[in-house]
Amino acid sequence: MMEFRGKVSGLTQDYETGKYVVSFAVGDRNEFLPGYDSIKDADILDIRVVKHRRKRSLDANAYAWVLMGKIASALRTSKEEVYEEMLRRYGVLYEDEDGYIAITLKASVDIMKLEGHWQLVLDNGASRTYAMVKGSSQYDTREMSQFIDGVVYEAKGLGIETLSPRELEHMKLGWSP
């Protein structure tokens, strides 16, 4: 497998075969060449191209955990329980090319025994369906911003002091790619 960052630099058509050729421009040859050498002779490849999104700020993540600690103290519970609740309320569901990742279990099975973060989406009495929620460490900037806004809302509702709106925006955007 190879991953690299770049941009589309051209689209041409091979007149002999009629197939299209997409070209990419990459800046860092040390990032690109080792992966290229490992796939250049493959007969067929699975190709996935996605628009680059900046990762979330580690400072923003740290601030979210500080607030969740204060919320936990106010509610006399653990930071981890608050984190799970914040993920259910303000988190992002895992999604692949086929849709959301979900499982259905007998109602007697405790979802907490399964690894990961889960949100109940359907309970028909005999069984329950849960959607998998991403952990905040996998959020991009937009997702982390939404998550922090939710945590701040909950903290304010409990009378917990938070950063000013200006400071929050600066923190959420104040990182370098």
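The values are calculated or read from the model by the stated rules, or taken from the named source; none is laboratory data. Keep in mind that what you see is a predicted model, and the values were worked out from it rather than measured. Reconstructed Cβ throughout: ideal geometry from the backbone, glycine too, with neighbour counts over all protein chains shown.
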Exercise. Which numbered condition trips up L168, out of (1) in contact (Cβ under 8 Å) with a residue 40 or more places away in the chain; (2) surrounded by 12 or more Cβ atoms within 10 Å (Cβ to Cβ); (3) under 29 Å from R76 (Cα atoms)?
Worked result: (1)
Problem set entry | Selection within the stretch 92-101 - charged (D, E, K, R) and either over 25 Å from S145 (Cβ atoms) or loosely packed, with under 12 Cβ neighbours inside 10 Å (or both) | D96, E97, D98
Problem set entry | Residue among S145, S137 that alone is in contact (Cβ under 8 Å) with a residue 12 or more places away in the chain, within 24 Å of R5 (Cβ to Cβ), in a helix (DSSP H, G or I) and in contact with a Leu (Cβ under 9 Å, 6 or more places away or on another chain) | S145
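Taking E154 as the residue in question, decide whether it is closer than 17 Å to W65 by Cβ and of a type in the set (D, E). Spell out how you get there, then give the answer.
Values: closer than 17 Å to W65 by Cβ: yes; of a type in the set (D, E): yes.
Answer is yes for this residue.
Report yes if R89 is surrounded by fewer than 16 Cβ atoms within 10 Å (Cβ to Cβ) and not assigned by TED's automatic domain parsing to the domain that holds S164, otherwise no. Let's see the steps before the verdict.
Details: surrounded by fewer than 16 Cβ atoms within 10 Å (Cβ to Cβ): yes; not assigned by TED's automatic domain parsing to the domain that holds S164: no.
When the stated conditions are applied, R89 does not pass them.
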For this session: Would you mind stating whether T104 is surrounded by fewer than 14 Cβ atoms within 10 Å (Cβ to Cβ) and in a strand (DSSP E or B)?
Result: yes
For this session: With the checklist (1) outside the structural domain of I160 (by TED's automatic domain parsing); (2) part of a loop (DSSP other than H, G, I, E, B) in hand, flag the one item V109 doesn't pass.
Result: (1)
Exercise. Quick check, is V121 under 28 Å from K172 (Cα atoms) and β-branched (V, I, T)?
Worked result: no
Seminar exercise, completed: Of the residues in the stretch 1-44 that are among the aliphatic types (A, V, I, L, M) and surrounded by fewer than 10 Cβ atoms within 10 Å (Cβ to Cβ), the one that is nearest to E97 (Cα to Cα) is M1
Exercise. Counting only residues that are under 27 Å from T141 (Cβ atoms) and assigned to a strand (DSSP E or B), how many does the stretch 23-52 have?
Worked result: 3
